[in-house]
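Engineer: Just dropping this structure here.
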Amino acid sequence: MIHQYINNDIPIVLDVNSGSVHVVDQLVYDAIARMDEGKSLDETIDELKSTYGPDEIREAWEECQTLKEQGMLFTEDVYEKAIEHFTDRPTVVKALCLHIAHDCNLACRYCFAEEGEYHGRRALMSFEVGKKALDFLIANSGSRRNLEVDFFGGEPTMNWQVVKDLVAYGRSQEEAHNKKFRFTLTTNGVLLNDEIMEFANKECANVVMSVDGRKEVHDFMRPFRNGKGSYDLIMPKFKKFADSRNQTNYYVRGTFTHYNLDFAKDVLSLADMGFKQISIEPVVAPPEADYAIREEDVPIICEQYDLLAKEMIRREKEGNGFNFFHFMIDLTGGPCVYKRLSGCGSGTEYLAVTPWGDLYPCHQFVGNEKFLLGNVDEGVVRTDIVDTFKHCNVYAKEDCKKCFSRFYCSGGCAANAYNFTGSINGAYEIGCKLQRKRIECALMIKAALAEE
Amino acid sequence: MKHIKTLNTKSLQNTVKKGGCGECQTSCQSACKTSCTVGNQTCEQK
């Protein structure tokens, strides 16, 4: 299977199963489409003779044949045959999202956690529950050395002492169990101070700072409970925090909604302020929400991705580039096919823990009792749910089988699929369209920069 | 090649043999939290 497209005047052919990316001229672009349709060289010469001479068509055809022989064009999907064995693999838990606080000092309009409460009650995780969660992780991680723990919320800095105590506890267990914890912190910045920054810089492999971009956009969606915007309070702190981490190992992460479809401006606003690691992502919301992304927004969003991609190339060439999370793609040493098949690992390798110790497949499922897996005392009780997640992969999803982007998104977010289709094996169509566009842009950026 | 420039030479199919160690980062831990983005993750064996 191949996917061919022209973006920013660059003709690109992606060989889906090998992951090979070819920048081609118009002749190959035209010829390869006919090859894909099963046409012969003679038929292709006949169809293209008004534009190209037979000798050059033959030459282009031969180049394609060479790539085919090298396993870089029209390669077979050899993974589907192995999928059965793969889905029956024993899995270990290697990452936890700790809901340190089901409470928040902001009242963001789009919060899937309902201002931090997750359809439940306000609560803070105790050290005891957190400690049991880390013990559970160590006990269920098999031979995996690297373990990830994200301090999440609500707003985790509202329960900061417990975060510090849990980091100390985790570190105290590393040597005895031959584990290495990678802690991450997600924060809205309201309570951020020098002490927290210093601690996070010493202990956290990554920090995620929530900010939506332009001041007016941010303040509209991320107000305090009294309605006042939070931008002016958090921004100077985020800038200081990012600089103190040498502009690496962090993300300023925002959400765009139906209200700021011109979100490229938000990305660039953050870049203009000096941030180098930026992620601005489409809101995930029930279709009836006024701020939800609608089908008719998709072309506008795609145009924004194009605009952003071109501007990123321009800045990169000027020596003033930045990373945009959704355009990041590693063509030389990206993830292995197993990672691409297993996706984010929700429900199997990655679990969320509520303040009172309940386990869910991921933070997006917290509060939906149907997905309650167990708790930190008893461990995972509902292995049937874990099995459902284990068998959720690109081959279990009909829509993914035909999609060129399947090895980049791994079938997409299970929570999105569930919320929009009622099944974790469904496909959230708007999300899929945007994902495909992002992959096209990401590959185009690589192609444009390789031209230099 | 005159007509084609290939950006990467490492085939995904080669990773069938030696991949799957599972030491890599869980993708949702990196930034997204609302979308699954796996293609941009880094291999720990690199």
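Engineer: Name the strands (runs of 3 or more DSSP E) wholly inside the stretch A:166-261 in which the number of residues that are among the aromatic types (Phe, Trp, Tyr) is 2 or more.
Structural biologist: So the answer is A:180-187, A:250-256.
Engineer: Would you confirm whether any residue within the stretch A:409-429 is in contact with a Lys or Arg (Cβ under 8 Å, 6 or more places away or on another chain), closer than 25 Å to A:Thr75 by Cβ and assigned to a helix (DSSP H, G or I)?
Structural biologist: Looking through the stretch A:409-429, none of the residues is in contact with a Lys or Arg (Cβ under 8 Å, 6 or more places away or on another chain), closer than 25 Å to A:Thr75 by Cβ and assigned to a helix (DSSP H, G or I).
Engineer: While we're on this one: Is the stretch A:350-366 home to any residue that is in contact with a strand residue (DSSP E or B) (Cβ under 7 Å, 6 or more places away or on another chain), farther than 27 Å from A:His85 by Cα, open to solvent by 20 Å² or more (accessible area, probe 1.4 Å) and part of a loop (DSSP other than H, G, I, E, B)?
Structural biologist: yes
Engineer: Then there is this: Among helices (runs of 4 or more DSSP H) lying entirely in the stretch A:1-72, which contain 1 or more residues that are open to solvent by less than 40 Å² (accessible area, probe 1.4 Å), facing another protein chain (nearest Cβ under 8 Å) and within 26 Å of A:Ala442 (Cβ to Cβ)?
Structural biologist: Because the criterion is at least 1 residues that are open to solvent by less than 40 Å² (accessible area, probe 1.4 Å), facing another protein chain (nearest Cβ under 8 Å) and within 26 Å of A:Ala442 (Cβ to Cβ), the helices (runs of 4 or more DSSP H) in the stretch A:1-72 that meet it are A:26-36, A:54-69.
Engineer: Here are some residues: A:Glu84, A:Glu117. Which one is open to solvent by 10 Å² or more (accessible area, probe 1.4 Å), more than 11 Å from chain B (Cβ to nearest Cβ) and in a helix (DSSP H, G or I)? Write out each step before concluding.
Structural biologist: Details: A:Glu117 fails: in a helix (DSSP H, G or I).
Just one listed residue meets the conditions, A:Glu84.
Engineer: With the condition kept exactly as written, say whether any residue in the stretch A:277-289 is open to solvent by less than 20 Å² (accessible area, probe 1.4 Å) and among the charged types (D, E, K, R).
Structural biologist: yes
Engineer: Another one. Taking only the stretch A:368-380 into account, find how many residues are open to solvent by less than 80 Å² (accessible area, probe 1.4 Å) and out of contact with any Lys or Arg (no Cβ under 8 Å at 6 or more places or on another chain).
Structural biologist: Filtering the stretch A:368-380 for residues open to solvent by less than 80 Å² (accessible area, probe 1.4 Å) gives A:368, A:371-376, A:379-380.
If we keep only those that are out of contact with any Lys or Arg (no Cβ under 8 Å at 6 or more places or on another chain) as well, we get A:368, A:371, A:375, A:379-380.
Residues meeting the conditions: 5.
Engineer: Taking the conditions exactly as written (within 14 Å of another protein chain (Cβ to nearest Cβ), open to solvent by 10 Å² or more (accessible area, probe 1.4 Å) and not hydrophobic (A, V, I, L, M, F, W, C)), does A:Asp306 satisfy them or not?
Structural biologist: Answer is no for this residue.
Engineer: Inspect the stretch A:387-401 for any residue being open to solvent by less than 10 Å² (accessible area, probe 1.4 Å), at pLDDT 95 or above and over 17 Å from the mean Cα position of the chain (by Cα) and give the result as yes or no.
Structural biologist: No; the residues of the stretch A:387-401 include none that is open to solvent by less than 10 Å² (accessible area, probe 1.4 Å), at pLDDT 95 or above and over 17 Å from the mean Cα position of the chain (by Cα).
Engineer: Given the options A:Asp297, A:Asp330, name the one that is among the acidic types (Asp, Glu), at pLDDT below 90 and closer than 22 Å to A:Val267 by Cα.
Structural biologist: A:Asp330
The values are calculated or read from the model by the stated rules, or taken from the named source; none is laboratory data. The shown structure was predicted, so the numbers you read here are calculated from the model rather than taken from an experiment. Cβ sites come from the backbone with ideal geometry, for glycine too, and all protein chains shown count toward neighbours. Accessible surface areas use protein heavy atoms only, side chains included; no ligands, DNA or RNA. Shrake-Rupley method; radii C 1.70, N 1.55, O 1.52, S 1.80 Å.
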